[in-house]
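The values are calculated or read from the model by the stated rules, or taken from the named source; none is laboratory data. Keep in mind it's a predicted model, so treat the numbers as computed, not measured. We place every Cβ from the backbone using ideal geometry, glycine too, and count neighbours over all the protein chains shown.
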Amino acid sequence: MLGEAQTDAPATPGQARRDRRRAATRAEILDAAWDLVREHGLAALALRDLAARVGMRAPSLYQYFDSKHAIYDAMFAQGWRAALEAITEPQLGTDDPREALRISARRMFTFATEDAARYQLLFQRTIPGFEPSPESYAPAVEMFTRSEQLMARYGITDPDAMDLWTALISGLTSQQLSNDPGGTRWERLIDRTVDMYLAQVVPAAPATTPTPTSKRKRAK
């Protein structure tokens, strides 16, 4: 009938199978891309090597990704979805701000240091000219929003305090990856770093001055 909203026709069984195969091939390409960047470095990803790894010729990759940057973009989205799951999804299990931030910092540190190539893609501008798409960047925005909510729960709302937090954790992570990969030299400093951070950004409660009445009660 004229004026009625048009709806998309349901996919045929053949189309559904083709979609599943396409999704499976894209996933295989991305898995191979991660393997290659972990072996040879993030910037060393070559389409010829990637195609060979999945048993196809390089031009065939363009049936699944428009460009090498599109592959990086899909990897970026994968990485941030994994970060959300690893860092924010499990319950912290405490209402104590000090312990909550220690747990959050350890999760971020562990996630970042267990995969150097992924860390470079998500947190450093390693690939010249690469900018993640809004869709791929959305999980990163969600991560920052949840971090803000965690801080606000404990009265930390200053934007500079959020910047200081990310700088401290990324600094520990960078030092660990650069100078003691696989070790614990900077991991051991997480609790002290959280303590220093809280001492700086959370104002101490003012000391209570005893009233004359309270003094008299203690003197009895």
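So the values come out like this:
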{"quantity": "Any chance ILE87 is among the aliphatic types (A, V, I, L, M) and without any contact (Cβ under 8 Å) to a residue 24 or more places away in the chain", "calculated": "no"}
{"quantity": "The one condition in (1) surrounded by fewer than 13 Cβ atoms within 10 Å (Cβ to Cβ); (2) closer than 30 Å to ARG146 by Cβ that ALA70 fails to fulfil", "calculated": "(1)"}
{"quantity": "In segment 158-199, the residues that are closer than 19 Å to ASP96 by Cβ and loosely packed, with under 11 Cβ neighbours inside 10 Å", "calculated": "ARG192, ALA199"}
{"quantity": "Residue match in segment 83-99 (condition: among the basic types (Lys, Arg), within 30 Å of ASP191 (Cβ to Cβ), assigned to a helix (DSSP H, G or I) and more than 18 Å from the chain's Cα centre (by Cα))", "calculated": "yes"}
{"quantity": "Lone qualifier among ALA117, ALA167, ALA112 - being modelled with pLDDT of 95 or more and within 15 Å of GLN200 (Cβ to Cβ)", "calculated": "ALA167"}
{"quantity": "The one condition in (1) in contact (Cβ under 8 Å) with a residue 12 or more places away in the chain; (2) closer than 24 Å to ALA167 by Cα; (3) out of contact with any Lys or Arg (no Cβ under 7 Å at 6 or more places or on another chain) that LEU61 fails to fulfil", "calculated": "(2)"}
{"quantity": "Selected residue [of a type in the set (Lys, Arg), modelled with pLDDT under 95 and surrounded by 13 or more Cβ atoms within 10 Å (Cβ to Cβ)] from ARG98, ARG125", "calculated": "ARG98"}
{"quantity": "Test result for PHE65, outside any helix (DSSP H, G or I), at pLDDT 95 or above, touching a helix residue (DSSP H, G or I) at 6+ places or on another chain (Cβ under 7 Å) and within 23 Å of ASP31 (Cα to Cα)", "calculated": "yes"}
{"quantity": "Meets criteria (of a type in the set (D, E, K, R) and outside the structural domain of GLN176 (by TED's automatic domain parsing)) for GLU39", "calculated": "yes"}
{"quantity": "Whichever residue in segment 9-65 is surrounded by 15 or more Cβ atoms within 10 Å (Cβ to Cβ) and small (Gly, Ala, Ser) and, among such residues, is farthest from ILE127 (Cα to Cα)", "calculated": "ALA51"}
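Okay, residues lined up against (1) in a loop (DSSP other than H, G, I, E, B); (2) without any contact (Cβ under 8 Å) to a residue 60 or more places away in the chain; (3) of a type in the set (Ser, Thr, Tyr):
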| residue | (1), (2), (3) |
| --- | --- |
| MET108 | no, no, no |
| GLY129 | yes, no, no |
| PHE144 | no, yes, no |
| MET151 | no, yes, no |
| ALA161 | no, yes, no |
| THR166 | no, yes, yes |
| LEU177 | no, no, no |
| GLY183 | yes, yes, no |
| ASP191 | no, no, no |
